[in-house]
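Since the structure comes first, as structure tokens, the remarks are kept for the end.
Rule-based calculations on the coordinates, nothing more; no lab input. What you see is a predicted model; the values in this text were computed from it and never measured. Note that each Cβ is placed from the backbone with ideal geometry, even for glycine, and that neighbours are counted across all protein chains shown.
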Amino acid sequence: MYEVVIIGGGPGGYVAALESARKGLKTALVEEKKVGGVCLNVGCIPTKAMLYCSSVLTSASGGKRYGLAAENISFDENAADRHRSLTVSKLVKGIENLLANRGVDIIRDTAVSVSKGKTVCKNNVLESENIIIATGSRSADIPPARFDGEKIISSDQAVTEQRSPESILVVGAGVIGVEMATYWSSIGKRVVLVEMLGSILPLLKDDRVSAVIAESLKKKKAVVLTGKSLEKCEIQGNMVKSFLSGGDVVETEKVLIATGRKPDSVIADPLVFKRDSRGHILTDDLCRTNIDGIWAIGDVAGEPYLAHKASHEAEVAVSAMLGEKTEKKNLAAVPSCVFSDPEVASVGLNPREAEERGITCIWGEFPFSANGKAVSSGMIEGFARIVARKEDHAVMGGQIAGASADLLIGEISLAVRLGLRLEDLARTVHVHPSLCEVIPEAARVALGEPLHR
Ligand code: FAD
């Protein structure tokens, strides 16, 4: 008998397991594939390892300007692949060791159903006071192009294949599509990126940000087609012929379908569990499902599909399970980042979203091209924006398209979470010269007190 059984060893599940074991609960973690889940094995980590390799190539190729004297710079995909797989195996091993050291029982099995106090797996039946469902999500294909494991591929394949295709059609310009298009175009592959909606990264609802990334992909010679959908694929010999709406025909070695993912919620009987129309398990702000003692976290419990959202919910669930006085889940302060070139990070509301919610807001934007560190390091693309409620200057969100956006967004996330005001960001002294100076500068623009603009 366990105190907690957690199903799924991704960032939601393993963080819940580490936390519950740290707090003294007898914990089991059921995982059918690999500890680390999508994030460590076929998601966040391998893509970032690949993108690091391509960014080294990009820097070196532009290095002459900064004094690098090197001829015939080329890219060794075998070495990059080795870096990716070593990174993944090192981090997975690290998590397995942490779980073992905390005394978590890792049960290598597939859960087939859950009910109050009972997890039925293919080879085990586990009893526990509490169950956390953290089964994540999987790639979904579309009727015109079904995954065939060879020519029409998912991101799982894209990040594990040793050799990149010479040419590829990427269908869907969301986060995954844009990151893969960035990688392949950076290493010289022929990329066509097609998006059904009017702009790339459409879910960000931010035309300025989409334009920065579309421009950067075009500089890498990727073809970006928006407002077009895939109608049909035909495999002809070694190539795939893809027919797009409007009559375009694209011929490539492979097609990546990156149009979306679906929750892995089959173990939660829809007649018992409340689920939304897409199959996510519905939870309250403490991650409780409608069944007492059963919790759901991470991708299976709804969007945004982000590893740090899953681990945030893991901490909330374990804490609530123990009856601790805990913060409720706060998705408004969960940042996201697209690891394009430059990166795009955002948290909370942008001006359009604020308007849609009837919030009168003010905002300020500051370009990287006016930041000393960015200019001295040749990273002048993009801008930072801070959005605040007009009435009291409370920071409602921020968007950064530019170098190190993944780091810079942290300060704005903190401001959103703590309800800080524009004045707090503007008056906080930042290192000079540093990229993070774009934040007080943007806050000052919003306040109508621009300094370097
Ligand atoms: P998952 O990581 O999906 O893990 C679920 C686990 O449950 C899996 O290991 C699965 O095998 C197991 N499982 C499922 N069903 C069962 C069962 N019945 N029995 C036993 N085990 C089961 N997010 C970011 O924050 N940053 C990024 O940079 C980023 N990049 C990404 C890149 C790609 C290509 C992809 C695909 C995703 C990326 N994501 C990123 C999203 C991120 O990976 C997910 O949001 C995150 O992994 C979700 O964590 P999770 O714990 O909910 O589930």
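Summary table
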item: Using alpha carbons only: equivalent-ellipsoid semi-axes of segment 174-257, gyration tensor based, whole Å; result: 22, 16, 10
item: Dimensions (Å) - segment 81-121, Cα atoms, principal axes, largest first; result: 43, 24, 12
item: Residues ILE386, ILE106, ILE131, ILE45 arranged by fewest to most Cβ contacts within 10 Å; result: ILE106, ILE45, ILE131, ILE386
item: Hull volume in cubic angstrom per residue (convex hull over the Cα atoms of segment 243-313); result: 143
item: Mean projection area, nm², convex hull over Cα of segment 11-64; result: 4.9
item: Rounded Å value of the spacing that divides the Cα centres of segment 198-265 and segment 42-76; result: 24
item: Hull shadow area, averaged, segment 308-453 [alpha-carbon convex hull, nm²]; result: 9.5
item: Neighbour-count order for SER340, SER20, SER413, fewest beta carbons within 10 angstrom listed first; result: SER413, SER340, SER20
item: For segment 230-351, the spread of Cα positions along each principal axis, largest first, Å; result: 60, 40, 27
item: Dimensions in Å of segment 1-119 - Rg and Dmax from alpha carbons; result: 20.0, 66
item: Filter on LYS189/LYS218; LYS48/LYS90; LYS90/LYS219; LYS309/LYS390; LYS48/LYS309 - keep pairs with C-alpha separation over 23 Å; result: LYS90/LYS219; LYS309/LYS390
item: Hz values of 3J(HN,Hα) by residue in segment 69-75 - Karplus curve (6.51, -1.76, 1.60), Gly and Pro given as x; result: 10, 8, 9, 6, 5, 9, 10
item: Estimated translational D of segment 396-451 in µm²/s (Stokes, Kirkwood radius over Cα pairs; 37 °C; 0.692 mPa s); result: 288
item: Distant-in-sequence amide H partners of CYS121 (H built 1.01 Å from N, under 5 Å); result: VAL112, LEU126
item: Computed Rg/Rh of the chain, alpha carbon atoms with Kirkwood Rh; result: 0.98
item: Reachable aspartates and glutamates, given that their alpha-carbon falls under 15 Å from the alpha-carbon of LYS262 and they are not under 8 places away in the same chain; result: ASP141, ASP156, ASP276, ASP299, GLU303
